[in-house]
Amino acid sequence: MTDREKTLDIIFGRWRSQILYAGVKLGVFDCVNAVPKNVSEIAKQLNLDYSLAYRLFRALGSLGLLREDVNHNFSITAQGELLREDHPQTLRGVALLEEGEEHYALWKHLPSMIMDGKQNAFLREYGKNIFEYADSNLPYREVFNQAMSSYSSIQTAWVLDALEGHDFSKIHHMCDVGGGQGHLLCSLLVKYPHLKGTVFELDTVIKNRELLWARKMGVEDRCTYVAGDMFDEVPAADAYIMKMILHDWSDEECVKILSNIYRHVSNVGTVFIAEHMVPGPEKPHFSKLFDIHMMCASSGRERTAEEYADLLNKAGWKYSKTLHPHSGLMGIVEGNK
């Protein structure tokens with residue numbers, strides 16, 4: 001591919017993600033399966049216009065998400081399966097969140113934010129931050145929570161990989177701050193049977209008990225869910241883990257969170273910060289793109305391991321080391337009291 005073609009591919013990249021979004025939004029991937037089905041049948045089942053639906057399905061086929069035969073029959077591909085609601089590693093929520101109307105609207109503010117020196121397009125567009133908006137907008141909150149759950153399984157695998165060589169024998173109680181519905185913490189409890197754990201989250205996230213992972217993963221007797229605000233107070237524990245939490249906040253807010261945890265941790269306590277770590281200038285990395293998304297969506301940012309170490313030190317912690325999974329997409333910065 002020439003430089004011109006590569007640049008054009010970037011320019012037209014949003015076409016692909018919006019075509020994918022339309023397929024998810026209309027329920028295409030939950031209607032099509034491995035057995036070929038004619039476009040007329042799919043359109044009728046989903047109450048779509050036949051002609052326009054065929055053009056969308058054809059485009060989804062060009063993206064490798066559907067498979068089309070000469071008779072306009074469509075079946076789903078392995079890649080398309082990831083967009084089904086019932087897939088165990090579904091990315092449906094991610095597609096609905098990141099390409100949905102709320103997040104789509106944020107990007108128009110990017111040039112003006114950079115000129116003004118003031119980030120957080122969510123605040124510019126909606127007059128409130130992303131979490132306040134989610135609290136007051138049920139449909140958005142549901143999609144947001146679905147997206148966070150979609151991310152959880154792959155991120156949990158990365159975190160477990162990075163922590164593979166860590167000695168957990170001195171840790172008896174771990175608290176997952178901002179732990180969502182508990183997928184990461186419950187996975188740690190399964191792997192380390194001596195551990196007890198607390199998922200600390202907002203009440204709106206954990207109030208639906210049917211969605212919580214402790215019962216699903218058989219660790220309900222060792223896992224407690226506690227509602228609260230990490231800026232006010234956190235439960236006492238031997239160790240704390242935060243996955244994709246600090247990147248939502250400014251440096252000052254991160255120091256406040258880490259200082260609050262420091263006050264409640266045991267004397268030999270540990271904190272693990274799991275995030276997308278920004279590498280050096282020579283390496284292209286997802287975190288450098290994600291950082292621009294954070295500029296639009298919040299007051300936060302993606303950081304280097306050294307920047308997280310500095311935040312730890314400002315909050316009273318002693319930086320220990322940075323651990324990486326084999327994939328290299330995330331890292332874990334460890335701090336000790």
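Figure legend. Inter-residue proximity from the stretch 131-160: first residues under 14 Å from LEU212 (Cα atoms) and basic (Lys, Arg), second residues outside any helix (DSSP H, G or I) and open to solvent by less than 40 Å² (accessible area, probe 1.4 Å), beta-carbon distance below 7 Å, spacing 6+ or different chains. No pairs are indicated.
In the stretch 318-326, the condition of being under 18 Å from GLY178 (Cα atoms) and in contact (Cβ under 8 Å) with a residue 60 or more places away in the chain is met by no residue.
Among the numbered conditions (1) open to solvent by less than 30 Å² (accessible area, probe 1.4 Å); (2) within 20 Å of the chain's Cα centre (by Cα); (3) within 23 Å of LYS337 (Cα to Cα), the only one that ASP229 does not meet is (1). Of all residues in the stretch 161-181, exactly one satisfies the criterion of being open to solvent by less than 10 Å² (accessible area, probe 1.4 Å) and free of Cβ contacts under 8 Å to residues at least 40 places away in the same chain, namely PHE168.
Within the stretch 235-269, being modelled with pLDDT of 95 or more, open to solvent by less than 10 Å² (accessible area, probe 1.4 Å) and under 18 Å from LYS170 (Cα atoms) holds for ALA237, ALA239, TYR240, ILE241. Regarding HIS276, is this residue surrounded by 15 or more Cβ atoms within 10 Å (Cβ to Cβ), in contact (Cβ under 8 Å) with a residue 12 or more places away in the chain and closer than 30 Å to ARG124 by Cβ? Yes. The helices (runs of 4 or more DSSP H) located wholly in the stretch 1-117 that include 2 or more residues which are open to solvent by less than 90 Å² (accessible area, probe 1.4 Å) and touching a residue at least 24 places away in the same chain (Cβ under 8 Å) occupy 13-25, 28-31, 39-46, 50-62, 78-81, 92-98, 101-106, 110-116. Taking the condition without any contact (Cβ under 8 Å) to a residue 60 or more places away in the chain and in contact with a helix residue (DSSP H, G or I) (Cβ under 8 Å, 6 or more places away or on another chain), does GLU253 pass? No.
Residue-wise test of (1) β-branched (Val, Ile, Thr); (2) within 19 Å of the chain's Cα centre (by Cα); (3) more than 19 Å from GLY269 (Cα to Cα).
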position: GLY100; (1), (2), (3): no, yes, yes
position: MET113; (1), (2), (3): no, no, yes
position: ASP116; (1), (2), (3): no, no, yes
position: GLN119; (1), (2), (3): no, no, yes
position: GLU125; (1), (2), (3): no, no, yes
position: GLY178; (1), (2), (3): no, yes, no
position: HIS183; (1), (2), (3): no, yes, yes
position: SER187; (1), (2), (3): no, yes, yes
position: VAL199; (1), (2), (3): yes, yes, no
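Determine whether the stretch 127-147 contains at least one residue that is farther than 30 Å from LEU185 by Cβ, in contact with a helix residue (DSSP H, G or I) (Cβ under 7 Å, 6 or more places away or on another chain), open to solvent by less than 60 Å² (accessible area, probe 1.4 Å) and not charged (D, E, K, R). Checking the stretch 127-147: not a single residue is farther than 30 Å from LEU185 by Cβ, in contact with a helix residue (DSSP H, G or I) (Cβ under 7 Å, 6 or more places away or on another chain), open to solvent by less than 60 Å² (accessible area, probe 1.4 Å) and not charged (D, E, K, R). Please enumerate the residues belonging to the stretch 280-293 that are of a type outside the set (Asp, Glu), surrounded by fewer than 20 Cβ atoms within 10 Å (Cβ to Cβ) and in a helix (DSSP H, G or I). Passing the criteria: PHE286, LYS288, LEU289, PHE290, ILE292, HIS293. Scanning the stretch 12-34 for residues that are modelled with pLDDT of 95 or more and either aromatic (Phe, Trp, Tyr) or farther than 16 Å from LEU63 by Cα (or both) yields PHE12, TRP15, TYR21, LYS25, LEU26, GLY27, PHE29, ASP30, CYS31. Taking the criterion of being part of a strand (DSSP E or B) and not β-branched (Val, Ile, Thr), the residues of the stretch 236-268 that qualify are ALA237, ASP238, ALA239, TYR240, MET242, LYS243, SER266, ASN267.
Annotation: THR204 fulfils all but one of (1) open to solvent by 40 Å² or more (accessible area, probe 1.4 Å); (2) in contact with a strand residue (DSSP E or B) (Cβ under 6 Å, 6 or more places away or on another chain); (3) not aromatic (Phe, Trp, Tyr); the unmet one is (2).
The values are calculated or read from the model by the stated rules, or taken from the named source; none is laboratory data. All values derive from a computational prediction rather than experimental measurement. Here the Cβ is made from the backbone with ideal geometry for all residues, glycine too, and neighbour counts use every protein chain on show. Ligands, DNA and RNA are stripped out before the accessible areas are found, and what is left, the full protein with its side chains, is counted by its heavy atoms. Shrake-Rupley method; radii C 1.70, N 1.55, O 1.52, S 1.80 Å.
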